[in-house]
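Please read the structure below before turning to the comments.
What follows draws every value from the coordinates through simple rules; no lab data is involved. Just so you know, these numbers come straight off a predicted model, no measurement behind them. Reconstructed Cβ throughout: ideal geometry from the backbone, glycine too, with neighbour counts over all protein chains shown.
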């Protein structure tokens with residue numbers, strides 16, 4: 001979409017001018033975070049090609065290789081498994097790369113879902129106003145009083161009760177996306193509604209109404225671009241939270257099954273061996289998760305400051 | 001004041017009704033309670049009797065009314081998994097969760113607020129930057145990972161503190177407390193830190209950004225121009241204004257502790273409601289789930305009320321009704 | 001010796017595209033009991049001058065040169081702790097928007113008492129008594145009943161009266177009033193100005209009145225400084241500046257004010273706009289808009305020169321430029 005076509009440069013368009021890139025170039029924290037994130041994401045996305053082993057290839061697993069420590073930890077180590085192996089003899093590094101991919105996938109899809117619902121509700125509520133507005137926002141308020149993780153947990157639990165076991169394991173990834181997404185939409189809806197209320201009163205929207213554009217056209221092509229800035233910040237910060245939600249659910253044992261392990265599943269599996277000394281099985285996936293979320297949060301923080309120059 | 005409380009309570013009723021409706025819908029439609037409770041072998045007569053007993057043969061809204069009525073009396077049905085009344089199960093576990101959440105909340109507030117004030121005032125100091133990095137790590141580390149790391153260091157490697165359970169407890173009729181025994185207190189340390197960490201960093205970041213916002217305001221500038229001391233400006237003028245938004249969010253966050261206690265309790269095998277819920281979700285024990293939902297809703301209504309009252313105490317603008325008559329023009 | 005001496009005061013803002021000079025060698029004095037008006041367009045540096053004097057420049061702004069002296073003592077380089085007793089006690093301040101300058105969470109009496117007790121040795125009872133008297137003096141009706149009222153319980157005009165009481169209650173010798181009426185209803189503006197003028201006279205307080213309203217200046221000030229693009233372009237007795245402005249910019253400014261006495265076909269206006277700080281032209285900053293511009297104006301920056309009863313930063317008044325601009 002052409003930014004120049006909108007009557008007033010949107011927050012997003014304004015941000016992408018030189019100030020934005022300047023602030024990025026001159027923020028070492030943001031740069032490092034972006035590089036780390038890029039590395040982790042690349043390792044995850046291309047895990048099929050990059051990973052030294054295929055953790056799902058049961059034929060290649062040997063119990064003789066189980067609990068190999070990482071290479072810098074004791075004589076028993078094996079360079080074929082740089083970060084060691086788990087109880088099944090699976091290479092931990094490969095497991096982490098595949099696991100990160102699943103974690104990222106769930107997180108991104110969940111936020112995409114929450115964004116879609118949240119933006120739609122927020123635009124409609126803010127633009128329509130009146131009873132529609134109060135009903136939708138009331139719903140958001142009620143839901144916001146519950147912690148997102150609890151909502152996700154309950155939604156997942158209900159779906160678990162409704163679906164047959166075998167089928168459930170197969171679609172668990174989408175169940176998680178739904179559960180986490182539905183737990184996080186109200187924030188987006190509230191932000192979009194707030195901005196929409198402001199934009200609705202501006203002259204350019206009046207003008208668009210006068211020339212007879214339909215409501216949906218005005219909402220999508222005129223108001224939406226102008227509210228995207230704050231939404232982007234919230235989406236970034238919520239992406240980190242969504243990844244944590246997934247990891248938490250999987251850790252609690254109500255998330256992804258061991259046949260389709262995310263970082264959270266790996267940590268849960270490893271947790272059983274913490275006391276017997278095989279710390280690496282849980283610590284390395286844990287570090288990966290922390291680094292991933294930390295770099296997303298750092299970028300989100302920086303993005304918020306960059307879009308809000310008043311805070312500088 | 002009294003009218004204020006009443007109106008807040010009235011506003012809470014629809015919320016409770018809606019949550020009750022959802023939890024009832026879960027109870028009634030998810031996972032067919034009848035077949036679960038009857039098990040494998042049953043006669044048609046037994047089934048009909050159970051359906052009648054559970055009131056499932058009545059119109060939906062009658063069932064809903066019954067359910068709400070029973071809920072009001074603390075009856076939440078029978079757990080499928082443990083075959084015991086849900087209310088008993090919850091009562092047994094409630095003290096553990098409340099003591100844990102309370103300790104974590106106090107910890108989060110006592111450390112989070114001063115850190116936030118400090119970093120808000122000395123924005124560019126070395127210590128303030130260190131706090132900020134610490135807080136960002138705190139927000140990014142999932143609760144369960146913090147718990148695992150603490151266990152690894154303080155229980156497995158150093159062997160200083162217990163890694164699971166609640167230690168010895170003392171019973172007072174329905175209440176059991178771990179506050180009064182050494183082993184109870186020792187057991188509380190790691191779970192409380194784990195649970196409080198996220199809230200603490202969140203409170204710190206919130207207080208910091210609010211402080212910075214307020215310190216830029218005209219009235220703080222004017223207070224400087226009046227020659228007031230930095231101490232009075234920072235703590236009298238700035239911090240008090242910071243409190244208004246902080247109270248709201250902190251209130252909600254303290255409520256969020258109950259949600260996160262699910263995770264902490266699982267990591268530390270803490271015998272509270274969170275652990276009960278996780279175990280119940282794993283086997284789709286719907287009565288426990290719906291009872292938990294209702295309970296959390298009640299807690300939140302209570303917290304919201306307290307938040308509103310604190311708000312009322314801090315911000316005179318909400319007290320207009322009392323003074324309006326004395327002649328604001 | 002003047003009460004306040006501002007000597008070649010320079011304020012800079014470091015930005016990533018270079019240093020912006022927001023005030024450039026601004027000099028003026030304020031005598032005891034005198035009201036100095038400071039006028040100019042927004043962005044000319046009037047408010048900044050006030051903030052720099054009282055030591056409340058917003059970072060990254062900083063004083064890069066010059067001096068500010070109060071009773072002959074430098075105050076521009078004092079530490080925070082040594083500046084604090086001067087603010088409020090020696091130099092008071094009145095801000096533009098009374099809706100945001102009062103702390104909403106404290107009663108007005110509390111704010112008065114804390115200000116007085118920060119500077120004067122007063123018991124709680126005496127301070128409160130004085131607070132009531134101050135509220136009465138600035139014209140708050142039923143002051144004794146209203147002393148424990150909160151700011152939101154007052155109207156905008158009443159709040160500005162409270163702000164004035166706060167600025168004066170520790171009896172400073174100079175008050176910097178930064179656009180004190182701009183945010184108020186037109187009907188209330190005159191009342192506030194009259195009040196300020198009366199209080200300053202009663203207490204022997206000097207006033208630096210920053211405004212863009214030439215009418216307010218004409219009515220209130222003894223002398224007036226006209227600012228343009230971070231410099232003073234003309235300064236002198238208010239009567240002289242209004243009746244016979246020397247600087248072409250001041251002339252233009254006066255021409256744009258409607259007069260009740262003379263009928264004019266239409267108000268004159270100055271073409272163009274004040275340059276941004278990062279694009280101040282060589283020579284006189286006003287030269288691109290000046291109707292009387294000549295060669296030297298584009299090359300050299302003029303200092304304040306004697307021009308009749310006032311002083312103006314304009315080459316027209318330099319003996320060596322050959323007086324009037326004949327060689328355009």
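Hey, what angle do you get for helix C:186-203 against the long axis of chain C, alpha-carbon based, 0 to 90 degrees rounded to 10?
80
Helix-derived [θ] at 222 nm for the protein assembly as shown: sum -39500 (n - 2.57) over DSSP H runs of at least 4, divide by residue count, nearest 500?
Rounded to the nearest 500, it is -18500 deg cm²/dmol.
With only alpha-carbon pairs counted, each pair once and no self-pairs, how large is the Kirkwood hydrodynamic radius of region C:144-233 in angstroms?
One decimal place: 14.3 Å for the Kirkwood radius.
Rounding to the nearest 10 and keeping the result within 0 to 90°, find how far the Cα-based axis of helix B:60-72 lies from the longest principal axis of chain B.
Once rounded, one gets 60 degrees.
Please list the equivalent ellipsoid semi-axes of region C:73-229, computed as the square roots of five times the alpha-carbon gyration tensor eigenvalues, in descending order and whole angstrom. Display every interim value, and only then the final one.
Working: eigenvalues 117, 87, 38 Å².
Each semi-axis is the square root of five times an eigenvalue, giving 24, 21, 14 Å.
What ranking do C:146, B:231, B:81 get, fewest neighbouring Cβ atoms within 10 angstrom at the top?
B:231, B:81, C:146
How many Cβ atoms of partner chains, on average, are near each residue of B:213-219 if near means within 10 Å of its Cβ?
That works out to 4 on average.
Using the alpha-carbon centroid of each, what span in Å lies between region A:195-211 and region B:127-173?
Taking the Cα centre of each part, region A:195-211 and region B:127-173 sit 51 Å apart.
How shielded is C:104-112 by partner chains, expressed as the average number of their Cβ atoms within 10 Å of its Cβ atoms?
4
What average number of partner chain Cβ atoms lie no more than 10 Å from the Cβ of the residues making up A:289-299?
Neighbouring Cβ atoms belonging to other protein chains average 3 per residue here.
Please state, rounded to one decimal and in Å, the Kirkwood hydrodynamic radius that region C:97-171 gives when every pair of distinct Cα atoms enters the mean of 1/r.
Kirkwood hydrodynamic radius for region C:97-171: 11.9 Å.
On a C-alpha basis, how far is the centre of region C:211-246 from the centre of region C:90-114 in Å? Whole number, if you could?
Their Cα centres are 29 Å away from one another.
To one decimal place, what Kirkwood hydrodynamic radius in Å is obtained for chain B from all pairs of distinct Cα atoms?
22.9
Quick one: A:141, A:86, A:305, fewest Cβ neighbours within 10 Å first, how do they rank?
Lowest to highest Cβ neighbour count: A:141, A:305, A:86.
Based on alpha-carbon centroids, what's the gap between region C:1-52 and region B:77-100 in Å, whole number please?
First find each Cα centre; the distance between them is then 72 Å.
Using 1/(1 + (r/R0)^6) with R0 = 56 angstrom and r between the beta carbons of residue B:11 and residue A:54, what's the FRET efficiency to the nearest 0.05?
My answer for the efficiency is 0.50.
Using the 10 angstrom Cβ neighbour count as an exposure proxy, how do C:17, C:231, C:198 rank, fewest first?
Details: C:17 8, C:231 25, C:198 13.
Lowest count first: C:17, C:198, C:231.
Quick one: helix C:156-168 against the long Cα principal axis of chain C, what's the angle to the nearest 10°, folded into 0 to 90?
Result, in degrees: 90.
Which percent, nearest 5, of DSSP beta bridges in the protein assembly as shown are antiparallel?
65
Which value, in Å³ per residue, describes the convex hull spanned by the Cα atoms of region B:154-290?
Dividing the Cα hull volume of region B:154-290 by its residue count gives 179 Å³.
Could you list, bin by bin from short to long, the percent of Cα-Cα pairs of region A:193-310 in 5 Å steps?
Spelled out bin by bin, region A:193-310 gives 2, 11, 14, 13, 11, 10, 9, 8, 7, 6, 4, 3, 1, 1, 0 percent.
If packing is taken as the average count of other Cβ atoms within 10 Å, what order do B:132-140, C:112-120, A:160-168 fall into, highest mean first?
Top of the packing list down: C:112-120, B:132-140, A:160-168.
Could you bin all the Cα-Cα distances of region B:58-122 into 10 Å bins starting at 0 and give me the percent of pairs in each, rounded to whole numbers?
17, 25, 21, 16, 14, 6, 0
Equivalent-ellipsoid semi-axes (√(5λ), Cα gyration tensor) for chain C, whole Å, largest first?
Semi-axes from the Cα gyration tensor: 38, 22, 17 Å.
Report, in cubic angstrom per residue, the convex hull volume of the C-alpha atoms of the protein assembly as shown.
241
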